[in-house]
Amino acid sequence: METKVNDKANNKMSIKMPIKVPIKLSVSPGKVAVYTFLIVLAVLCFTPFYIMLMNSTHDNGEIATHLWLTPGTSLMDNYHSLIVSLPIWRGFFNSLFVATTTTIVSGYFSALTAYGFSRYKFKGNGVLYTIVLGSMMIPGQLGFIGFYQLVSSMDLINNYIPLIIPAVASAGSVFFIKGYTDGAVHESLIEAARIDGCGEFTIFNKIALPLIMPAVATMSIFTFIATWNNYLLPLILLSDMDMYTLPIMQVASRGVYKNEFGAIYTCIAISVVPVMVAFAFFSKKIIGGLTMGGVKG
Amino acid sequence: MLKRKNKLDKGRYGIFFIIPYFVAYIVFSIYPIIYSFYISFQKWDGMSPDATFVGLANYSKLIHDPVFYQSIINTFTIWGFAIVPQMGFAILLAVWFNNSKMMGKETFRAIFYLPNLITPAAVALLFSFIFDWQTGAANNILLKFHIVSEPINWFLGEMTSRGIMSLIAWWMWFGYSMIIFGAGLKNIPTELYEAASIDGASAWQSFTSITIPLLRPTILYSCVTSLIGGMQMFDVPYVLTGGTGRPGNTTLTMVMYLYNTAFQNLNYGYGAAIGYGLFMLILIFSIITFKVINRNAEYE
């Protein structure tokens with residue numbers, strides 16, 4: 001139905017296209033309504049985090065009976081009862097380790113692969129790159145059972161290797177970084193380095209990698225967040241409490257602290273607050289990066 | 001091919017740059033996919049050395065499994081109630097923010113996008129306490145403003161449980177879609193809107209005649225990626241219901257069913273078959289989404 005109307009309007013418009021006039025700036029009476037709506041929505045977006053922050057500073061009785069809009073005094077008590085039976089900082093640093101190494105592995109090898117596809121005209125380049133792009137369409141769960149059995153037969157359960165090494169093949173990153181490499185690395189620069197006697201890998205490491213670093217950095221932010229947030233894979237691969245990543249440990253905390261709400265809210269805050277602080281500093285870069293390649297699903 | 005004559009041509013070296021990628025891809029993706037396919041023809045608890053070959057039994061069981069169909073319905077219900085408001089809010093906000101004169105739009109965009117960055121498992125844990133029927137903040141708020149007279153037991157009801165999951169999905173993703181649509185809107189030439197306003201088109205007419213048709217590729221991209229992501233929904237329903245999909249399997253998603261079958265009930269063969277069923281569904285529905293959204297475009 002709509003399209004019929006559209007076509008008519010489009011035809012009508014195309015006749016008048018070349019005429020250009022300054023946009024009329026009228027203060028619409030709806031402006032107040034728009035801002036009210038935006039503020040309500042912003043409050044809605046932030047409320048769960050606010051409740052989390054406030055509740056982490058109140059004791060269990062207070063949380064259970066009231067809705068708190070002001071901070072209380074029980075933050076340290078909650079924190080102490082949390083760390084008594086849950087190695088939460090262990091989980092924090094486990095997550096930090098896994099996310100950092102995965103980001104480095106993914107960033108370096110994605111740049112390497114993207115550079116290989118972008119700058120070398122070898123046989124099968126096009127076909128192999130199509131395979132890389134096609135692999136983004138396949139859901140991770142398809143090979144899930146096989147992956148678990150493979151890891152199990154390699155005796156790598158409770159090991160971070162199966163969480164980190166598969167990041168060598170990150171199709172989305174390769175796609176994103178290749179798009180940047182095509183424009184950022186000039187052939188003449190590589191030729192000059194070759195004449196000076198540089199090896200191919202030296203050229204990549206010393207010349208190409210610094211040039212494509214902005215793309216690698218943007219992609220690294222998203223790799224880091226995705227790894228930090230990953231739940232399903234660590235859930236099946238890690239069974240030893242000392243190896244748990246933060247999300248696994250937090251969900252486990254619900255079993256440990258059945259009714260100690262203050263401790264659990266504090267536990268959630270420990271993973272959420274660093275992300276919020278990081279976002280406060282990098283929000284421009286993160287939001288800008290989202291639309292640079294349009295690759296994140 | 002003239003390049004080949006260049007003595008500095010090092011084209012074949014490229015293969016060394018991409019070898020690590022393909023080794024990792026074959027070992028950690030291709031091999032597991034093939035191995036899963038092989039396991040799906042077996043009855044196997046994952047531990048014992050002898051797995052029994054059962055042929056297509058797992059697949060015929062899958063076709064007749066009411067729980068599998070239930071999990072499809074659940075996944076689509078939760079996704080469906082989230083995607084409609086998600087797209088609606090995203091388009092509305094993106095259009096508003098496309099007006100460069102708007103004050104504070106960067107701040108609003110950042111706030112709306114923030115929930116997307118937070119660990120879904122932590123979000124689910126947080127919401128499970130906010131919607132706890134005895135002590136949760138949600139009931140506290142509703143009682144305080146006298147919207148309800150007694151606390152609602154959210155996770156006892158089928159639609160309230162699914163509703164909370166849809167709410168979380170909407171909350172986490174509308175900001176993301178908003179930013180993607182914002183990028184799509186930037187590509188629409190402003191001349192079109194100017195011309196339309198000269199012709200006396202109202203804001204609504206410009207919206208339906210210019211914005212929506214020209215934004216169609218972006219909407220398609222968002223719908224397909226959201227569908228693929230939505231059908232793999234796991235973290236939030238799993239954590240909210242403690243892995244049970246309560247009440248009575250009505251919030252059991254497809255991936256939860258796969259996980260529970262393989263890793264809780266140790267039926268790896270059937271779990272692998274569910275994985276392939278999930279893959280086929282994602283394939284089919286991605287194609288349908290493409291067709292539906294492109295249908296109008298084909299006539300132009």
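Measuring between alpha carbons in the structure, the pairs from A:LYS284/B:LYS144; A:LYS258/A:LYS285; A:LYS31/B:LYS186; A:LYS285/B:LYS291; A:LYS285/B:LYS10; A:LYS178/A:LYS285 lying more than 29 angstrom apart are A:LYS284/B:LYS144; A:LYS258/A:LYS285; A:LYS285/B:LYS291; A:LYS285/B:LYS10.
Between B:LYS61, B:LYS43, B:LYS144, the Gaussian network model of chain B with springs among Cα atoms under 10 angstrom shows the greatest mean-square fluctuation at B:LYS144. Relative contact order for segment A:87-293: 35 percent, from Cα pairs under 8 Å spaced at least 6 residues apart, divided by residue count.
3J(HN,Hα) couplings calculated from phi for segment A:231-244 with the Karplus curve 6.51 cos²θ - 1.76 cosθ + 1.60 (θ = phi - 60°) are, in sequence order, 10, 4, 5, x, 4, 8, 9, 10, 10, 8, 3, 5, 9, 3 Hz; Gly and Pro show x.
Partner shielding of B:125-137 amounts to 6, given as the average count of beta-carbon atoms from other chains within 10 Å of each residue beta-carbon. Plainly put, segment B:29-160 has a radius of gyration that is 1.14 times its Kirkwood radius, both from alpha-carbon atoms, as the Rg/Rh ratio. At 18 Å minimum axial length over the Cα atoms and a Kyte-Doolittle cut of -0.5, report the qualifying DSSP H helices in chain A, or say none. Answer set is A:31-55, A:88-119, A:171-184, A:209-229, A:261-293.
Of all complete DSSP H helices in chain B, those with a Cα span along the helix axis of 24 Å or greater and a mean Kyte-Doolittle hydropathy of 1.0 or more are B:66-98, B:212-231, B:268-298. Extending 7 Å from Cα along the Cβ direction at B:ILE19 and again at A:ALA280 yields two label points whose distance is 4.9 nm. Report the Cα centroid-to-centroid distance between segment A:226-297 and segment A:58-125 in angstrom, as an integer. After rounding, the separation between the Cα centres reads 5 Å.
Hey, how many Å between the Cα centroid of segment B:62-137 and the Cα centroid of segment B:164-208? A separation of 19 Å, based on Cα centres. Computed over the alpha carbons of the protein assembly as shown, Rg followed by Dmax gives 26.2, 84 Å.
Using C-alpha pairs below 8 Å separated by at least 6 residues, the relative contact order for segment B:78-214 is 39 percent.
Pull out a ≥ b ≥ c, the square roots of the eigenvalues of the alpha-carbon gyration tensor of chain B, then state rounded if a/c is under 1.5, prolate if not and a/b is larger than b/c, and oblate in the remaining case. Judged from the Cα gyration tensor, chain B comes out oblate (a/c at least 1.5, b/c at or above a/b). Between A:VAL84 and B:THR289, the distance separating the two model label sites (each 7 Å from Cα on the Cα→Cβ line) works out to 4.8 nm.
The relative contact order of segment A:172-282 comes to 19 percent, based on Cα pairs under 8 Å that sit 6 or more residues apart.
Label-to-label distance, A:PHE46 versus A:ILE157, with points set 7 angstrom from Cα along the beta-carbon direction: 4.6 nm.
Across all directions, the shadow cast by the convex hull of segment B:167-265 built on its C-alpha atoms averages 8.1 square nanometres. When the Cα atoms of chain A are aligned to their principal axes, the ranges along those axes come out at 69, 66, 41 Å in descending order. Close amide H partners of B:GLN42, meaning residues 5 or more places away or on another chain with modelled amide H under 5 Å apart, are B:VAL54.
With R₀ fixed at 51 Å, the C-beta to C-beta distance from A:ARG254 to B:ILE198 puts the FRET efficiency at about 0.25.
In terms of its Cα atoms, segment B:101-195 spans 56, 30, 25 Å along the principal axes, sorted from long to short.
Quick note: the coordinates plus some simple rules give every number you see, no bench work behind them. As the structure is a prediction and not an experimental result, all values here were calculated from the model. Please note: Cβ atoms are built from the backbone with ideal geometry, for glycine as well, and neighbour counts cover all protein chains shown.
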